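Asker: Have a look at the structure that comes next, please.
The values are calculated or read from the model by the stated rules, or taken from the named source; none is laboratory data. Being a predicted model, the structure only gives us computed values, none of them experimental. Backbone-built Cβ (ideal geometry, glycine too); neighbour counts: all protein chains shown.
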Amino acid sequence: MNDPNDAKREMADVEEFEGLVLADVIPKLDKWWFQYPNLRKLNLLLLSAFLAQFTCGFDGSMLNGMQSLPLWREAFGDPTGANLGTLVNAINIGVLVSALFSSQLCEIFGRKKPITLGTFLIIIGSALQAGAQNLGMFIAGRIIIGLGTGIVAVATPQLMTEVAYPTHRGKMVSLYMTQWVVGVPAILQLILSIWVPESPRWLVYKDRRDEALSVLSQYHSCGDHDSRLVRFELLEIEATLEEEKKHKAIQWSEFIRTSGNRKRLWILLFMGFAAQLSGLGLTGYYLTKILNSIGVINANTQLLINAIAAVWQLCCSVFFAMLIDRVGRRGLITFGITTMLVVFVVWTICSALNEERHFSDRPLALAVVAMIFLFQVGYQPFAISTVPYVVECSLYSLRSKTAMIFQFCGYSASFFTGYVNPVALDRIGWRYYIFACAVLGVECVFAWWYLPETKGKGLEEIGQIFDGDELLTGTQAITKKREEKYRAFDESSLSAKLSVRVTLRKGRMMPEGWKG
């Protein structure tokens with residue numbers, strides 16, 4: 001910032017906003033968000049990020065449905081056990097491979113371009129899978145889909161978290177998870193991703209301040225560069241990222257260097273593994289096997305239950321996404337895990353009794369089906385909260401790595417359960433549910449004891465919960481910037497006075513009556 005006028009304006013902003021938080025400068029909207037052109041356009045463009053989750057939703061429902069179709073089973077040799085696990089896990093293999101480079105893509109090229117690349121790979125893989133003539137082609141298509149999915153899953157939550165309007169951030173990122181149960185054409189996402197704005201935080205980090213200001217003003221204040229909200233956001237972003245750069249907080253070792261980052265890492269690992277080890281795989285990819293295990297073997301009935309389950313999941317996820325800013329991330333996570341634990345205990349008991357009675361007790365079978373649906377009342381509030389919680393808790397400089405680790409943990413757990421679930425269900429049946437109950441019990445204790453709440457705080461301000469004074473973020477960074485600006489201003493003024501004094505002493509600009 002070489003222009004003296006820009007420096008003065010920034011100094012005035014620092015003075016004006018010292019001690020304030022983001023909530024103090026957000027204007028009160030007196031109309032619905034869709035009545036504001038800037039918010040309507042922004043949220044429509046972020047729809048392309050919503051659609052990133054289409055793969056998981058369509059994939060789970062598709063495989064469940066195909067397992068109920070005799071034609072598909074015949075074409076691929078009626079896969080069971082390890083063979084079925086390979087089919088399911090092919091997509092996870094692609095995601096795990098993408099984890100080797102997805103965070104670097106986001107750090108170098110931003111968030112927008114990796115989303116476009118990932119979506120293109122998903123389209124290629126989907127076409128190959130749809131036209132598969134044998135098991136090898138089917139698996140290859142799913143691996144390519146996994147590559148694209150992994151890239152998109154790392155870039156998308158970051159983009160949405162960093163671009164969304166402050167009061168919409170929680171809902172927008174949690175609604176992103178609702179697309180897991182829908183499934184929409186990837187071509188729509190590819191088209192919309194062309195116009196989606198780049199992350200202003202990535203732009204600031206790359207010293208492209210004017211572009212960041214343009215994005216913030218266009219989408220957060222209808223193009224008004226002088227908006228208090230935009231000026232505060234930009235100042236807070238700049239101050240926080242300057243501090244992160246000073247501490248060189250971009251290395252992998254940073255995850256264990258400070259107590260705040262160590263806590264972030266524990267939460268990150270917990271969230272990544274917990275989402276897949278909580279029994280989701282049983283209701284996602286292996287619903288057909290569960291229904292078979294309780295005596296529901298009619299293909300049409302299974303397809304109907306699968307369809308109703310998908311609609312029910314969507315309703316639950318949207319409902320809880322609307323509550324995330326009221327109840328909070330921690331509130332939804334703890335409620336979800338506790339509910340899943342209770343449901344799985346009842347589910348296990350009903351399944352055991354049903355087997356003991358040789359599947360002749362219809363009410364018990366219906367009770368198990370009911371538990372499958374009630375499980376979503378617990379899983380959805382947990383699932384839609386994990387991504388916004390993990391991403392917003394991270395420092396900017398570690399956010400791409402955080403998103404990558406989260407996806408790697410989740411898909412590693414999914415890879416594990418993808419092989420274990422079908423084999424365990426074939427060998428020990430309902431007894432395998434005891435494992436899910438034990439895992440949920442551990443998760444319940446961890447969530448209630450260890451997770452802090454983040455609702456109501458700006459993205460840069462959340463760092464204060466974890467770091468305290470170890471790394472200044474948010475308003476603390478602004479205060480430090482104020483002190484540094486004044487110090488620099490005083491030093492500059494003193495230097496200017498000394499320069500004038502020396503010049504005058506040399507007689508170049510000696511005014512009349514000068515006594516030096």
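Asker: Here are the criteria: (1) over 18 Å from the mean Cα position of the chain (by Cα); (2) surrounded by fewer than 18 Cβ atoms within 10 Å (Cβ to Cβ). Tell me which single one residue 339 does not satisfy.
Answerer: That leaves (2) as the condition not met.
Asker: Here's another thing I want to ask about it. Identify the residue in the range 17-38 that is surrounded by 12 or more Cβ atoms within 10 Å (Cβ to Cβ) and part of a loop (DSSP other than H, G, I, E, B) and, among all such residues, is farthest from the chain's Cα centre (by Cα).
Answerer: The extreme case among them is 18.
Asker: Being more than 18 Å from the chain's Cα centre (by Cα) and aliphatic (A, V, I, L, M) is the filter here, so list the residues in the range 84-99 that pass it.
Answerer: Answer for the range 84-99, where residues must be more than 18 Å from the chain's Cα centre (by Cα) and aliphatic (A, V, I, L, M): 84, 87, 88, 90, 91, 93, 97.
Asker: Right, something else. Kindly provide the set of residues from the range 368-425 that are buried (at least 22 other Cβ atoms within 10 Å of the Cβ), over 30 Å from residue 253 (Cβ atoms) and hydroxyl-bearing (Ser, Thr, Tyr), ordered by number.
Answerer: The answer is 379, 417.
Asker: Give the range 233-262 a look and list any residue that's in a helix (DSSP H, G or I) and of a type in the set (A, V, I, L, M, F, W, C), or say none.
Answerer: 234, 235, 237, 239, 241, 255, 256
Asker: For the range 451-458, does any single residue satisfy the condition of being in the same structural domain as residue 324 (by TED's automatic domain parsing), of a type in the set (Gly, Ala, Ser) and at positive phi?
Answerer: No, the range 451-458 contains no residue that is in the same structural domain as residue 324 (by TED's automatic domain parsing), of a type in the set (Gly, Ala, Ser) and at positive phi.
Asker: Taking residue 210 as meeting all but one of (1) within 24 Å of residue 107 (Cβ to Cβ); (2) assigned to a helix (DSSP H, G or I); (3) touching a residue at least 40 places away in the same chain (Cβ under 8 Å), write down the number of the exception.
Answerer: Unmet for residue 210, out of (1) within 24 Å of residue 107 (Cβ to Cβ); (2) assigned to a helix (DSSP H, G or I); (3) touching a residue at least 40 places away in the same chain (Cβ under 8 Å): (3).
Asker: On the given criteria, is residue 209 more than 22 Å from residue 23 (Cα to Cα) and either within 24 Å of the chain's Cα centre (by Cα) or surrounded by fewer than 20 Cβ atoms within 10 Å (Cβ to Cβ) (or both)?
Answerer: So residue 209 passes the test.
Asker: What is the residue count in the range 331-366 for residues that are among the acidic types (Asp, Glu) and either free of Cβ contacts under 8 Å to residues at least 24 places away in the same chain or under 30 Å from residue 453 (Cβ atoms) (or both)?
Answerer: The qualifying residues number 2.
Asker: Hey, can you tell me all the residues within the range 157-204 that are at pLDDT 90 or above, more than 21 Å from residue 239 (Cβ to Cβ) and not in a helix (DSSP H, G or I)?
Answerer: Listed by number, the list holds a single entry, 197.
Asker: Can residue 91 be described as assigned by TED's automatic domain parsing to the domain that holds residue 406, modelled with pLDDT under 90, crowded, with 21+ Cβ neighbours inside 10 Å and over 30 Å from residue 288 (Cα atoms)?
Answerer: Considered against the rule, which asks whether it is assigned by TED's automatic domain parsing to the domain that holds residue 406, modelled with pLDDT under 90, crowded, with 21+ Cβ neighbours inside 10 Å and over 30 Å from residue 288 (Cα atoms), residue 91 comes out as no.
Asker: Follow-up. Output the number of the condition that residue 229 fails; it satisfies all remaining conditions of (1) within 17 Å of residue 106 (Cα to Cα); (2) touching a Pro at 6+ places or on another chain (Cβ under 7 Å); (3) surrounded by fewer than 23 Cβ atoms within 10 Å (Cβ to Cβ).
Answerer: (1)
Asker: If I filter the range 430-445 for residues that are of a type outside the set (Ser, Thr, Tyr), buried (at least 17 other Cβ atoms within 10 Å of the Cβ) and farther than 16 Å from residue 274 by Cβ, do I get at least one hit?
Answerer: Yes, there is a match, as at least one residue in the range 430-445 is of a type outside the set (Ser, Thr, Tyr), buried (at least 17 other Cβ atoms within 10 Å of the Cβ) and farther than 16 Å from residue 274 by Cβ.
Asker: While we're here: Under 6 Å between Cβ atoms, which residue pairs at least 6 apart in sequence (or on different chains) link something in the range 84-102 that is closer than 13 Å to residue 141 by Cα with a partner that is assigned to a loop (DSSP other than H, G, I, E, B) and at pLDDT below 80?
Answerer: Here the result reads 87/79; 88/285, each pair linking the range 84-102 to a residue that is assigned to a loop (DSSP other than H, G, I, E, B) and at pLDDT below 80.
Asker: Does the range 414-424 contain any residue that is among the small types (Gly, Ala, Ser), closer than 30 Å to residue 101 by Cβ, part of a helix (DSSP H, G or I) and over 13 Å from the mean Cα position of the chain (by Cα)?
Answerer: yes
Asker: A follow-up question, please. Taking the conditions exactly as written (under 19 Å from the mean Cα position of the chain (by Cα) and assigned to a helix (DSSP H, G or I)), does residue 407 satisfy them or not?
Answerer: yes
Asker: Is there a residue being small (Gly, Ala, Ser), assigned by TED's automatic domain parsing to the domain that holds residue 313 and at pLDDT 70 or above anywhere in the range 71-84?
Answerer: Yes, the range 71-84 contains a residue that is small (Gly, Ala, Ser), assigned by TED's automatic domain parsing to the domain that holds residue 313 and at pLDDT 70 or above.
Asker: I need the full set of residues from the range 123-169 which are among the charged types (D, E, K, R) and either under 22 Å from residue 198 (Cβ atoms) or without any contact (Cβ under 8 Å) to a residue 12 or more places away in the chain (or both), in order please.
Answerer: Residues satisfying the conditions are 162, 169.
Asker: A further question on this structure: The conditions are (1) aliphatic (A, V, I, L, M); (2) farther than 22 Å from residue 173 by Cβ; (3) crowded, with 23+ Cβ neighbours inside 10 Å, and residue 345 fails exactly one of them. Which is it?
Answerer: (3)
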